[in-house]
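Undergrad: Dropping the structure in here first, questions after.
The values are calculated or read from the model by the stated rules, or taken from the named source; none is laboratory data. What you see is a predicted model; the values in this text were computed from it and never measured. FYI the Cβ positions are ideal-geometry reconstructions off the backbone, even for glycines, and counts take in every protein chain you see.
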């Protein structure tokens, strides 16, 4: 297999060499300057520091090794973080691992390891994956860190002091794997592998058990109307639209109060409830506060928390779109600017599962297809509002088609001696583009100049909407349009271009714009 993204890297370097030529086009430079100006004049937030931006991935549960979906979340956040840096924003990007809860306690016991050692081993796998794939996070948070324990305890105390947490008795269905209680409507019948009838979560399919215990409850029911009001007043707070409508539908139902602690006798691996050594704070309340911990809560969080954006998978939408806003409202804190939700990656139309043997190792695939290749594939093929199917063949075909053949081929044509014997980034030729169409330029050339001129604004709009796949689609379409024009001029069949540099200029300018807009998706140079 060719190494398609290597061609893209070479494309960038070649264009840089041409731009440093003494014949570098001032018109081209002006176009780039206008692009940067457009990006820097865009502001989507209003806060005490409107040049700050804070984006997070979910923190990933350490009960298993990282899979393709984890990398997908991280790459989306990384891409948007890079985009904001290019705009001139002071951007903070957080990722990390969620390390408390009954599942971790049981997994560590089964492995015969101390829970912290168990968590550290798995957390390092996530960090290694992200570092290998050049995820440019600015903070890697672990919920076992002391700074996080302090933030969680303070957050709990605020909710307790305001009367939003009370002690009571809870009875209902509980899923250990999902770490959550379920209502009767969320539970169904199933048969396990031994033929025994069991109850399962209708959402996840995981086994549930009936449980009754005394613990602490959060008055979730008191915040239903406020969360609904927030969403109706901010229709872009949850994206894409499909998931926004899903949350609105949930809010049409009653929200029962939420159990936010577990008895310490059953769950020791977690943060103790302040003032009650017999109870452990519920893992999801603990985990969600990580976003505040990184922001500097409780003392220095205002700069970042006012501009928070979350990237989450659809399986944890309820925790982020219902519970988290309610917790924040109870604590008197601002709500996130955006909760951007993505769907899952499947293999052969089936959910990845160890039992099916179809789990895709993202680190191994990044070595096979190159880091930049996998980043491009995930961002280009990942459509957030529907599940995406992964096969190695799809990666191979996409990278060769769009990067090796289309983008790499365009570069090779524009730098070939037949078309560009001087090996320069040619200057703009006004004589080739008179005010009235015709003469030496053709209609297609005018269309190409117009497409190149509009591309930065189109890409910017998609990035602002967090639709990275649409941005890449627009760039790819522009490259295809340019290649079509090259085919029309047929420089490799002996058609002389003479002194007319207009054809070459339009192609090089397109490559330059493509390079700039694709930068956010590729890894940074070390």
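Undergrad: For the stretch 122-144, enumerate the residues that are outside any helix (DSSP H, G or I) and either in contact with a strand residue (DSSP E or B) (Cβ under 8 Å, 6 or more places away or on another chain) or without any contact (Cβ under 8 Å) to a residue 40 or more places away in the chain (or both). Write out each step before concluding.
TA: Of all residues in the stretch 122-144, those outside any helix (DSSP H, G or I) come to 133-144.
Hits for the stretch 122-144 are 135, 136, 137, 138, 139, 140, 141, 142, 143.
Undergrad: Next up: So which residues in the stretch 57-94 are touching a strand residue (DSSP E or B) at 6+ places or on another chain (Cβ under 6 Å) and not in a helix (DSSP H, G or I)?
TA: Result: 57, 58, 59, 60, 61, 62, 89, 90, 91, 92, 93, 94.
Undergrad: Follow-up question, since we're still on this one. Taking the conditions exactly as written (within 28 Å of residue 322 (Cα to Cα), assigned by TED's automatic domain parsing to the domain that holds residue 266, loosely packed, with under 13 Cβ neighbours inside 10 Å and at pLDDT 90 or above), does residue 162 satisfy them or not? It would help to see each step written out before you state the result.
TA: Values: within 28 Å of residue 322 (Cα to Cα): yes; assigned by TED's automatic domain parsing to the domain that holds residue 266: yes; loosely packed, with under 13 Cβ neighbours inside 10 Å: yes; at pLDDT 90 or above: yes.
So residue 162 passes the test.
Undergrad: Please state which one of 304, 324 is free of Cβ contacts under 8 Å to residues at least 40 places away in the same chain and crowded, with 21+ Cβ neighbours inside 10 Å.
TA: 324 is the lone residue from the list that is free of Cβ contacts under 8 Å to residues at least 40 places away in the same chain and crowded, with 21+ Cβ neighbours inside 10 Å.
Undergrad: Please go through (1) touching a strand residue (DSSP E or B) at 6+ places or on another chain (Cβ under 8 Å); (2) outside any helix (DSSP H, G or I); (3) more than 21 Å from residue 204 (Cα to Cα) for residue 335 and return the number of the only condition it doesn't satisfy.
TA: For residue 335, the failing item is (1).
Undergrad: Anything in the stretch 352-368 that is at pLDDT 90 or above and loosely packed, with under 11 Cβ neighbours inside 10 Å? List them, or say none.
TA: To start, the set of residues in the stretch 352-368 that are at pLDDT 90 or above comprises 360-368.
Scanning the stretch 352-368 gives a single hit, 364.
Undergrad: To continue, here is another question. Restricting the search to the stretch 199-245, which residues are part of a strand (DSSP E or B), out of contact with any helix residue (DSSP H, G or I) (no Cβ under 7 Å at 6 or more places or on another chain) and closer than 25 Å to residue 466 by Cβ?
TA: Correct list: 239 only.
Undergrad: All but one of (1) buried (at least 18 other Cβ atoms within 10 Å of the Cβ); (2) at pLDDT 95 or above hold for residue 215; which doesn't?
TA: (2)
Undergrad: So, residue 312, is that one in a helix (DSSP H, G or I), modelled with pLDDT of 95 or more and touching a helix residue (DSSP H, G or I) at 6+ places or on another chain (Cβ under 8 Å) or not? If you could, list the steps in order and put the result at the bottom.
TA: On the way: in a helix (DSSP H, G or I): no; modelled with pLDDT of 95 or more: yes; touching a helix residue (DSSP H, G or I) at 6+ places or on another chain (Cβ under 8 Å): yes.
No: the conditions fail for residue 312.
Undergrad: Here's something else I'd like to know. Residues being in a helix (DSSP H, G or I) and more than 29 Å from residue 469 (Cβ to Cβ): count how many of those fall in the stretch 317-332.
TA: The first filter runs over the stretch 317-332 and keeps only residues in a helix (DSSP H, G or I), leaving 317-331.
Those left that are additionally more than 29 Å from residue 469 (Cβ to Cβ): 326-331.
Of the residues in that region, 6 qualify.
Undergrad: Find the residue count for the stretch 100-146, including only residues that are more than 20 Å from residue 67 (Cα to Cα), buried (at least 21 other Cβ atoms within 10 Å of the Cβ) and under 19 Å from the mean Cα position of the chain (by Cα).
TA: Residues that pass the stated criteria total 0.
Undergrad: Would you call residue 170 modelled with pLDDT of 95 or more and in a strand (DSSP E or B)?
TA: Values: modelled with pLDDT of 95 or more: no; in a strand (DSSP E or B): yes.
When the stated conditions are applied, residue 170 does not pass them.
Undergrad: Looking only at residues that are touching a residue at least 60 places away in the same chain (Cβ under 8 Å) and under 22 Å from residue 163 (Cα atoms) in the stretch 193-221, which one is nearest to the chain's Cα centre (by Cα)?
TA: Residue satisfying both the conditions and the ranking: 220.
Undergrad: Also: State yes or no: is residue 51 more than 26 Å from residue 354 (Cα to Cα), surrounded by fewer than 16 Cβ atoms within 10 Å (Cβ to Cβ) and modelled with pLDDT under 95?
TA: So residue 51 passes the test.
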